[in-house]
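Each reported figure results from applying straightforward, stated rules to the coordinates on display, with no laboratory input. This is a predicted model, so every value here is computed, not measured. Backbone-built Cβ (ideal geometry, glycine too); neighbour counts: all protein chains shown.
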Amino acid sequence: MQKGMHTHRERCVRAVQSKDARFDGWFFTAVLTTGIYCRPSCPVVPPKPENMTFYPSAAACQQAGFRACKRCRPDTSPGSPEWNQRADAVARAMRLIADGVVDREGVPGLAARLGYSTRQIERQLRAELGAGPLALARAQRAQTARLLIETTDLPMAEIAFAAGFSSIRTFNDTVREVFALSPSGLRTRVPVRARTTGGGTLTGTSGTPGASPGTLCLRLPFRAPLNPDNLFGHLAATAVPGVEEWRDGAYRRTLRLPYGHGIAALTPKPDHIACRLTLGDLRDLPVAISRCRRMLDLDADPVAIDDQLRTDPFLAPLVDKAPGRRVPRTVDEGEFALRAVLGQQVSTAAARTHAGRLAAAHGEPVDDPEGGLSHLFPAPEALAALDPESLAMPRTRRTTLLTLARQLGDGTLHLGVESDWEETRARLLALPGFGPWTADVIAMRALGDPDAFLPTDLGIRRAAQELGLPSTPAALTARAAAWRPWRAYAVQYLWATDSHPINFLPV
């Protein structure tokens, strides 16, 4: 079991007394005299140290009987970076819970995906987070409910089912317990103007739970600094026509979600990411938020990452010039793997062309009255059924693409937030046409491995040569050992030495 930061009392007290926002999401402060819990950066006067106790999760605070602070809103702090930098069972379980697996499949479904018994998962989560999977999922439902209550005019019954609650009574009881207010009381604290302008409005009629489509605007928090150039530059420069686009200062793309499809529009702001979600089914809201955060790497701890990379004199000037680079990831691991194959040994423009043709011919159509999005990226099952001769690409790449599509489609190979990074990398390398570059770029951008490295990448080798680093793959890999466990972030800084469009925020 890993020792969480909440066990380091002196460090936690110092963080609370200095109101250090870098630690929001790392731990939560429960105040014994008031019965509330806060994020470390809460703006109120810090309590006396003897009245503070610390927990690793909001769910643990709630289980201990504490209510969420109405000032700092600890339920809306960035997620702990631990779950994106670790590959153990607890980290993979937390990524699955954020993706809504417990709400859809229950604890047995969570355990089955991880290859453990329900008892083992319960024990490990309680030991490290102070709460089991049901309590952790409940805390997430409460956060989603608060978001919908405060930013929409939807009836409470629709909000309850959209947030994942099984009954109105459970919804009411949970909101009262967590926020010390009834759902209607929580809504009356927010001016109507904030719900209809700043927060956005979802429209729909009562009826089937989750059936009302609508659009919601919200703010995605992150730990500063965040450099948007390579993050949004990469997503925009590699955007698949019809599936993704850059429009009016926002990256927009279609989403394949558990209950339907949606469209996300993400705009970088100085202190948050503006997120506009259009969903066919409101039950997909928590999953859509989780996947957008993951794609933009918003739960990263940039200070810790950059401090480590600055210890290398060759990287230090790059980090100091533009700190806070994130790893651009994906909302769909299987989609990214297929696109990585399409991008083998061709230019970015050619890869976009190939992917766009496949999307137009075999992707599911979507309606986008606001822009140029027209399709979901094709599902693996649709591509697996294609005639190889219909694909305008070299024969070996056809074989690689269709083999990958078949294995993804029939479940032989699974790529998801719960994937074991090393095991999945080995399985990818066993596929025909897969070399280290393809496996490692999938590990970095789809699986989320923060230590994935691309020593054979042409851009990396060119940057290494310009900086005076070893440029052969073996020598560069040895030299990069000092950058661990953040080599995927070092890749972003090395790529940024080039003038390629992926490194610049589109205009």
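Please give me the summed charge of the neighbours of residue 327: other residues whose Cβ is under 12 Å from its Cβ, Lys and Arg +1, Asp and Glu -1.
On the way: positive: 294, 325, 326, 329, 445, 487; negative: 297, 299, 449, 451.
Charge balance near residue 327 sits at +2.
On full extension of the chain, what length is gained from residue 112 through residue 499, given 0.36 nm per residue of separation minus the C-alpha to C-alpha distance? Let's see the in-between values first.
Numbers: separation 387, 0.36 × 387 = 139.32 nm, distance 4.56 nm.
The span from residue 112 to residue 499 would gain 134.8 nm if fully extended.
As a check on your grasp of the helix formula, calculate [θ] at 222 nm for the chain: sum -39500 (n - 2.57) over DSSP H runs of n ≥ 4, divide by the residue count, round to the nearest 500.
The helix contribution divided over the chain gives -13000 deg cm²/dmol.
Which net charge results for the neighbourhood of residue 37, defined as the other residues with beta-carbon distances under 14 angstrom from its beta-carbon, given Lys and Arg at +1 and Asp and Glu at -1?
Details: positive: 39, 67, 70, 71, 73; negative: 24, 75, 177.
Every neighbour counted, the sum reads +2.
For residue 36, list long-range residues whose amide hydrogen, built 1.01 Å from N in the peptide plane, is under 5 Å from its own amide hydrogen.
Under 5 Å from the amide H of residue 36 lie the amide H atoms of 31, 67, each far enough along the sequence or on another chain.
In straight Cα distance, which aspartates and glutamates are under 15 Å from residue 48, not counting same-chain residues fewer than 8 positions off?
10
Could you tell me which Cys residues in the chain have no other cysteine's Cβ under 4.7 Å from their own Cβ, answering none if every one has a partner?
Here 12, 61, 217, 275, 292 come out as lacking a disulfide-compatible partner, given the Cβ-Cβ threshold of under 4.7 Å.
For q = 0.06 Å⁻¹, what log10 I(q)/I(0) does the chain give under the Debye formula with an equal point scatterer on each alpha carbon and no solvent?
With no solvent term, the Cα-only Debye profile gives -0.28.
For region 379-389, what does the Karplus curve 6.51 cos²θ - 1.76 cosθ + 1.60, with θ = phi - 60°, yield as ³J(HN,Hα) per residue in whole Hz, taken in order and with x for Gly and Pro?
These are the phi-based 3J(HN,Hα) values: 5, x, 4, 5, 6, 4, 8, 6, 6, x, 5 Hz.
Pull up all non-local amide H partners of residue 273: gap of 5 or more, or a different chain, and H-to-H distance under 5 Å with H placed in the peptide plane.
Hits under the 5 Å cutoff: 220.
Over the chain, calculate the relative contact order: mean separation of alpha carbon pairs under 8 Å at least 6 apart, over the residue count, as a percent.
Details: 916 pairs, mean separation 64.6, N = 507.
Once normalised by length, the contact order is 13 percent.
Debye calculation, C-alpha points only, no solvent: report log10 I(q)/I(0) for region 83-204 at q = 0.09, 0.12, 0.15 Å⁻¹, in the same order as the q values.
Ignoring solvent entirely, the Cα scatterers give -0.30, -0.51, -0.73.
Please give the Cα centre distance for region 423-443 versus region 365-395, rounded to the nearest Å.
23
Please report the antiparallel percentage of the DSSP beta bridges confined to the chain, to the nearest 5.
Numbers: 33 of 37 bridges.
Of the beta bridges lying entirely in the chain, close to 90 percent run antiparallel.
Please report, in cubic angstrom per residue, the volume enclosed by the convex hull of the alpha-carbon atoms of region 442-507.
On the way: hull volume 5.7 nm³, N = 66.
Measuring per residue, one finds 86 Å³ for the Cα hull of region 442-507.
Where Rh denotes the Kirkwood radius from the mean inverse Cα pair distance, what is Rg over Rh for region 238-340?
Checking Rg against Rh, the ratio lands at 1.04.
Please compute the Kirkwood hydrodynamic radius of region 383-441 from all pairs of different C-alpha atoms, in Å with one decimal.
12.2
Using the Kirkwood formula over every pair of different C-alpha atoms, what hydrodynamic radius in Å results for region 40-96? Working shown, then result.
Numbers: mean 1/r = 0.0753 Å⁻¹.
Hydrodynamic radius (Kirkwood, Cα pairs) of region 40-96 is 13.3 Å.
In square nanometres and to one decimal, what's the mean projected area of the convex hull around the Cα atoms of region 1-110? All intermediate terms of the calculation are to be shown ahead of the outcome.
Numbers: hull surface 29.0 nm².
If you wrap the Cα atoms of region 1-110 in a convex hull and average its projections, you get 7.3 nm².
Report ³J(HN,Hα) in whole Hz for each residue of region 497-507, in order, from the Karplus equation J = 6.51 cos²θ - 1.76 cosθ + 1.60 where θ = phi - 60°; Gly and Pro get x.
Per-residue couplings from phi come out as 6, 9, 9, 5, x, 4, 9, 10, 5, x, 10 Hz.
Order these by the 10 Å Cβ neighbour count, fewest first: 52, 393.
Ascending Cβ contact count within 10 Å gives the list 393, 52.
Please list the three semi-axes, largest first and in whole Å, of the ellipsoid equivalent to region 5-57, using sqrt of 5 times the eigenvalues of its alpha carbon gyration tensor. Provide the component values of the computation, followed by the final result.
Details: eigenvalues 38, 28, 22 Å².
So the three semi-axes of region 5-57 are 14, 12, 10 Å.
Output the direction-averaged projected area (hull surface divided by four) of the convex hull of the alpha-carbon atoms of region 300-503, in nm². Let's see the in-between values first.
Numbers: hull surface 49.8 nm².
Result: 12.4 nm².
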